[in-house]
Amino acid sequence: MLYVFLDTSILENDPFLQQKKKLELLFSKGKVKILLPDVVIAELTKHTIKKSKDSVSTIKKNLEILKQIQMQNIPTFELQPLTQNDIKNKYDSLQKSGFIKIISSDNVKISRIMARYISVKKPFAENKESFRDYALFCTCADYVHDNNLSNCYFISKNSSDFANKDKSDFHDDLKIESQGMKYILELREFIQLPEVQEKFNEIQKEEDYENLVENWIQTHISKLIPRNGELVTEWAIKNLEESKYLHNLFNKKLYKSIEEEVSNKCMNAQPEEFSSFFDSGYVDYEGIDSIEEFDIQDFTASDDGSVTISGVIYLSVQVSIYVYNWSYERDEDDSQYICLASGAVEMHYSFDLTLKDDDKYEVFYNFENIKSDLGENYYE
């Protein structure tokens, strides 16, 4: 059994672990136990309530704007932000299912935290108060010690407080107390550890899991590549990459979702993200030319028949770059912004796509990078 402690930084954008399909698979097969200190739950609750209130407020303001300009067919619905009780119920449900275990910080003494604070040892530093971070760390370290556990992983993006310079281990100040735990910077880094990959290999060799994957691929891919002894996930990815399944799915049913992501990115981007030659302006999104390719990195099947496909989508996108017209300050008859470049750029998004059947799906995107040669001939 592998024991995984998650910090707030890992769950900030996914507080209820809805996108952690790899962890969910490991848990469902009895390979990992996910442990969340109550300090993390408290912080996630605070942040999630704020995000929920801010989001609902923004939606209501935008609906009011639409009403003021007298747009037709404006939807009417009641939106309420999440409450502390709503969030508590969600975590109670996750704990009842066994997916997480919430561990208490009640036995972490204030005197222990204050001694660390006075000595200015990590996670404390000069002019930096880290009471919450040390309480979190002590909760995890004490749980490992009190239960005589091994194979424990403390996953946190907060390397400045917990890690050494190369982010490969705990800081020397925390070494003694961290016995039995290994520091990991990112969840994806944990997933790639040899001992974790070994767990996935064990799962793939289980007959019921092999059947889940094979049945799904055989149902959805028309021309199959024969399986020649490779692990079932590798075979599934190979078939998906060789087929047009994802291209068809994104071009038909998921096009609106990816277009919304790209449009929002362009709307909030600065010209220098598309070309180092420009600044002080805005980017005008004109449309997606095409989906160039997919790099499928993972395929996970669940007992309920759903699958999650993870990878990177490469898009050709048409944009125009507008920059501030400095002559506008001298002559207001000039345009305030002028278009200095337009054309196709390549935008990359990582994605996690969960398919429950052909008509039910969830997809999460994360912007990766932009490849662009716009503006390279600007000074010629």
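What follows is calculated from the coordinates using simple rules that are stated; it is not laboratory data. Quick caveat, the model's predicted, so the values are computed rather than measured.
Using 0.36 nm per residue, how much length does the chain from LYS101 to LEU231 gain when fully extended, once their Cα-Cα distance is taken away?
Numbers: separation 130, 0.36 × 130 = 46.80 nm, distance 3.13 nm.
43.7 nm is the gain from fully extending LYS101 to LEU231.
Multiply the residue gap between LYS88 and THR76 by 0.36 nm, knock off their C-alpha separation, and tell me the result in nm, one decimal place.
On the way: separation 12, 0.36 × 12 = 4.32 nm, distance 2.85 nm.
Gain on stretching LYS88 to THR76: 1.5 nm.
My understanding is that a pair violates if its Cα-Cα distance is over 31 Å; which of LYS90/LYS244; LYS22/LYS238; LYS29/LYS128 do that in this structure? Before the final figure, lay out each step's value.
On the way: LYS90/LYS244 38 Å; LYS22/LYS238 19 Å; LYS29/LYS128 42 Å.
As for pairs spanning more than 31 Å Cα to Cα, those are LYS90/LYS244; LYS29/LYS128.
Excluding residues fewer than 8 places away in the same chain, name every one of the aspartates and glutamates whose C-alpha is closer than 20 Å to that of LYS61.
Within the straight-line limit of under 20 Å, LYS61 reaches these aspartates and glutamates: GLU78, GLU260.
Please state, rounded to one decimal and in Å, the Kirkwood hydrodynamic radius that region 2-197 gives when every pair of distinct Cα atoms enters the mean of 1/r. Could the numbers behind the result be given before it?
Values: mean 1/r = 0.0535 Å⁻¹.
Over region 2-197, the inverse of the mean reciprocal pair distance is 18.7 Å.
Out of the DSSP beta bridges found with both residues in the chain, what percent are antiparallel (nearest 5)? It would help to have the intermediate numbers written out before the result.
Values: 48 of 64 bridges.
Antiparallel bridges make up about 75 percent of those DSSP assigns within the chain.
Between ILE69 and LYS50, what is 0.36 nm times their sequence separation minus the Cα-Cα distance? Round to one decimal in nm.
Details: separation 19, 0.36 × 19 = 6.84 nm, distance 2.90 nm.
Taking ILE69 through LYS50 to full extension adds about 3.9 nm, to one decimal.
For region 89-197, restrict the atom set to alpha-carbon positions and state the Rg and Dmax in Å.
Using the Cα atoms of region 89-197, the pair Rg, Dmax is 14.8, 42 Å.
Starting from the eigenvalues of the Cα gyration tensor, five times each then square-rooted, give me the equivalent ellipsoid semi-axes of region 162-319, largest first, whole Å. Display every interim value, and only then the final one.
Values: eigenvalues 225, 197, 27 Å².
With the √(5λ) rule applied to region 162-319, the semi-axes are 34, 31, 12 Å.
Give, in whole angstrom and from largest to smallest, the semi-axes √(5λ) of the equivalent ellipsoid of region 164-252, with λ running over the eigenvalues of the Cα gyration tensor. Walk me through the numbers on the way to the answer.
Details: eigenvalues 297, 58, 18 Å².
The equivalent ellipsoid of region 164-252 has semi-axes of 39, 17, 10 Å.
So for region 2-197: antiparallel DSSP bridges make up what percent, rounded to the nearest 5? It would help to have the intermediate numbers written out before the result.
Details: 2 of 18 bridges.
Antiparallel bridges make up about 10 percent of those DSSP assigns within region 2-197.
Given the C-alpha atoms of region 244-371, compute the convex hull and give its volume per residue in Å³. Can you show the working numbers first?
Details: hull volume 13.2 nm³, N = 128.
Output value, Cα hull per residue: 103 Å³.
Over 19 Å apart: what share of the alpha carbon pairs of region 1-107 falls there, rounded to a whole percent? Present the calculation step by step, with values, prior to reporting the outcome.
Details: 3062 of 5671 pairs.
Result: 54 percent of Cα pairs exceed 19 Å.
Is there a pair in LYS157/LYS371; LYS21/LYS253; LYS101/LYS165; LYS20/LYS205 whose C-alpha atoms are over 25 Å apart, and which pairs would that be? Working shown, then result.
On the way: LYS157/LYS371 27 Å; LYS21/LYS253 22 Å; LYS101/LYS165 31 Å; LYS20/LYS205 22 Å.
Beyond 25 Å between Cα atoms: LYS157/LYS371; LYS101/LYS165.
For the chain, restrict the atom set to alpha-carbon positions and state the Rg and Dmax in Å.
24.8, 76
Sort all Cα-Cα distances of region 118-169 into consecutive 5 angstrom bins from zero, then give the percent of pairs in each bin up to the one containing the longest distance.
Final binned percentages: 4, 17, 26, 24, 19, 8, 2, 0.
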